[in-house]
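Following: one structure in structure tokens, then a few remarks.
The values are calculated or read from the model by the stated rules, or taken from the named source; none is laboratory data. Bear in mind that the values here come from a model prediction, so they are computed numbers and not experimental data. Cβ coordinates were reconstructed from backbone atoms using ideal geometry, including for glycine residues, and neighbour counts include every protein chain displayed. Calculation scope for accessible area: heavy atoms of the full protein, side chains included, ligands and nucleic acids excluded. Shrake-Rupley method; radii C 1.70, N 1.55, O 1.52, S 1.80 Å.
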Amino acid sequence: MRVEIQKLEADGLGKARIGRKTIYVPFTAPGDVVEIRKWHREKKKLVAHDYEIVEPSPIRINPQCPYFGKCGGCLLQHLPYREQVRLKEEKLSNILGFEVDVLPSPKIYGHRNRIDVVTSTGGIGFRRRGTWWDVVDIEECKVFGERSRTALKALREFIHDFKLQLYDIRKNEGFLRYIVLREGKFTGELMVNLVTAEGMLPGDVESYFSFADSLYWSINRSKSDVSFGDVEKFWGSEFIMERIDDVAYLIHPNSFFQTNSYQAVNLVKEASRLVDGERVLDLYSGVGTFGVYLAKRGFTVEGVEVNPFAVKMARKNTELNGVEAEFRVGRDKDVENLGAYDTVIVDPPRAGLHPKLIRKILKEKPNTIIYISCNPRTLAANLAGLSEMYSIEEARGFDMFPHTPHVETLVKLHLKV
């Protein structure tokens with residue numbers, strides 16, 4: 001059936017009507033005329049998987065990546081960047097119920113500082129869109145940058161020379177499972193992490209990745225299809241370093257860091273500008289991305305994070321920058337005496353704030369809350385829960401993820417008088 005794409009939904013899929021059915025079509029643009037042959041149910045939606053664009057929309061551009069349209073990593077490379085930003089502003093406005101400007105990313109290619117590449121029997125690359133079992137074989141990732149080509153070429157030579165067993169996704173077995181690349185965009189330092197099942201890694205591995213500042217071998221001892229594990233050995237530096245503005249951060253294979261370093265500069269600067277008072281609680285503090293930055297600007301900072309390893313890294317980052325800040329292990333719902341802080345910064349996972357934490361905030365009434373969110377839907381629900389006592393003072397989106405429908409949001413809340 002031949003239909004025209006009416007608009008893109010919040011998840012980046014094109015929306016079309018066939019009779020009473022709504023069909024969602026990936027990698028399309030408003031105005032595309034599409035011939036749809038087959039669709040399937042995917043997360044409660046009917047999604048086309050056999051289709052052809054017979055009349056391209058006039059707003060389409062040529063994507064830079066040769067794998068676009070197959071690889072599930074990017075959905076929007078065919079749209080002009082200004083249109084991507086407009087769609088994200090529309091998404092935030094629709095979900096949050098008020099207009100939000102989105103700050104464009106300073107770079108839209110070569111901006112990602114981390115990629116997790118599957119090393120499978122079906123290919124070395126990323127999952128094909130809509131599948132968990134199929135991999136699009138790649139030579140380079142444009143959103144990471146040119147050094148991905150160097151690393152993947154070296155990996156293939158290493159696999160060939162030692163005849164390494166690759167990961168069979170369907171059977172969930174095999175030795176070499178992932179190669180994870182991390183790069184300090186402002187320092188140029190590169191980390192390569194080879195994630196395997198239990199077994200022996202050939203001893204000559206270091207010579208194949210001599211271009212890396214840090215080379216890790218991690219073992220995933222579980223059946224879970226994840227791109228991290230227990231560190232077995234490393235060569236070169238234990239960490240790589242990244243700089244966000246004038247603050248240095250150590251990066252370890254098992255630590256989380258904002259994936260777009262260029263935009264992270266704008267995000268931490270904006271958070272710093274919005275802080276009221278002197279005492280700051282950094283909840284979900286991670287490796288100290290916000291906390292260490294604020295401590296360097298003279299704020300009195302305490303950080304709380306549930307992951308002990310992240311707390312360890314935050315303390316290292318505090319020492320590295322010669323600042324004073326206290327980071328401790330704790331759960332969001334167990335934090336006490338919120339009213340003792342002038343500003344509370346929260347940067348929760350996609351599930352948002354724990355209901356018990358929201359109740360504590362409403363009871364103990366910290367003056368200012370700065371909420372950083374990667375999920376506008378849970379953000380909207382949390383803002384509604386806080387609206388009884390807090391008003392929204394400022395809100396802004398940050399495009400950390402060009403060519404995807406994802407967007408980061410920062411909201412400043414102030415206690416009502």
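A compact table of results
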{"read-out": "Test: residue in region 354-362 that is in contact with a Ser or Thr (Cβ under 9 Å, 6 or more places away or on another chain) and open to solvent by 10 Å² or more (accessible area, probe 1.4 Å)", "value": "no"}
{"read-out": "Residue within region 362-382 that is over 21 Å from GLU278 (Cα atoms), out of contact with any Pro (no Cβ under 9 Å at 6 or more places or on another chain) and outside any helix (DSSP H, G or I) present", "value": "no"}
{"read-out": "Contacts under 7 angstrom Cβ, first residue in region 337-354 being free of Cβ contacts under 8 Å to residues at least 40 places away in the same chain and of a type outside the set (A, V, I, L, M), partner in a loop (DSSP other than H, G, I, E, B) and open to solvent by less than 20 Å² (accessible area, probe 1.4 Å), 6 or more apart", "value": "GLY339/PRO366"}
{"read-out": "Candidates MET191, MET200 - the one that is open to solvent by less than 20 Å² (accessible area, probe 1.4 Å) and either closer than 19 Å to ARG112 by Cβ or assigned to a loop (DSSP other than H, G, I, E, B) (or both)", "value": "MET191"}
{"read-out": "Region 67-102, residues that are assigned to a helix (DSSP H, G or I) and of a type in the set (Gly, Ala, Ser)", "value": "SER93"}
{"read-out": "Qualifying residue in region 229-240 (condition: of a type in the set (Phe, Trp, Tyr), open to solvent by 20 Å² or more (accessible area, probe 1.4 Å) and touching a Gly at 6+ places or on another chain (Cβ under 9 Å))", "value": "no"}
{"read-out": "Check on LYS171, of a type in the set (D, E, K, R), without any contact (Cβ under 8 Å) to a residue 60 or more places away in the chain and outside any loop (DSSP other than H, G, I, E, B)", "value": "no"}
{"read-out": "Qualifying residue in region 367-377 (condition: open to solvent by 10 Å² or more (accessible area, probe 1.4 Å), more than 27 Å from ARG82 (Cα to Cα), touching a helix residue (DSSP H, G or I) at 6+ places or on another chain (Cβ under 9 Å) and of a type in the set (S, T, N, Q))", "value": "yes"}
{"read-out": "Residue satisfying condition, being touching a residue at least 24 places away in the same chain (Cβ under 8 Å) and part of a strand (DSSP E or B), within set LYS333, LYS412", "value": "LYS412"}
{"read-out": "Selection from region 277-291 of residues that are closer than 20 Å to VAL411 by Cα and either surrounded by 18 or more Cβ atoms within 10 Å (Cβ to Cβ) or touching a His at 6+ places or on another chain (Cβ under 7 Å) (or both)", "value": "VAL280, LEU281, ASP282, LEU283, TYR284, SER285, GLY286, GLY288, THR289, PHE290, GLY291"}
{"read-out": "Test: residue in region 304-312 that is open to solvent by less than 40 Å² (accessible area, probe 1.4 Å), assigned to a helix (DSSP H, G or I), among the hydrophobic types (A, V, I, L, M, F, W, C) and in contact with a Gly (Cβ under 6 Å, 6 or more places away or on another chain)", "value": "yes"}
{"read-out": "Where a residue in region 229-253 is on the phi < 0 side of the Ramachandran plot and its partner, wherever it lies, is among the acidic types (Asp, Glu) and assigned to a strand (DSSP E or B), with Cβ under 7 Å and at least six apart", "value": "TYR249/GLU242; ILE251/GLU242"}
{"read-out": "Pairs with Cβ under 7 Å, 6+ apart, first in region 73-96 and farther than 19 Å from ALA380 by Cα, second among the charged types (D, E, K, R)", "value": "HIS78/ARG60; VAL85/ASP399"}
{"read-out": "Residue in region 162-182 that is of a type in the set (Lys, Arg), within 22 Å of the chain's Cα centre (by Cα) and crowded, with 20+ Cβ neighbours inside 10 Å present", "value": "yes"}
{"read-out": "Conditions (1) touching a Ser or Thr at 6+ places or on another chain (Cβ under 6 Å); (2) more than 22 Å from GLU393 (Cβ to Cβ); (3) part of a loop (DSSP other than H, G, I, E, B); number of the one not met by SER285", "value": "(1)"}
{"read-out": "Region 193-219 residues that are in contact (Cβ under 8 Å) with a residue 60 or more places away in the chain, paired with ones that are open to solvent by less than 10 Å² (accessible area, probe 1.4 Å) and outside any strand (DSSP E or B) (beta carbon under 6 Å, 6 or more apart)", "value": "ASN193/PRO253"}
{"read-out": "Counted residues, region 103-122 - those being open to solvent by 10 Å² or more (accessible area, probe 1.4 Å), part of a strand (DSSP E or B) and of a type in the set (Gly, Ala, Ser)", "value": "0"}
{"read-out": "Scan of region 32-64 for residues that are assigned to a loop (DSSP other than H, G, I, E, B) and open to solvent by 20 Å² or more (accessible area, probe 1.4 Å), ordered by number", "value": "LYS43, LYS44, PRO56, PRO58, ILE59, ARG60, ILE61, ASN62, PRO63, GLN64"}
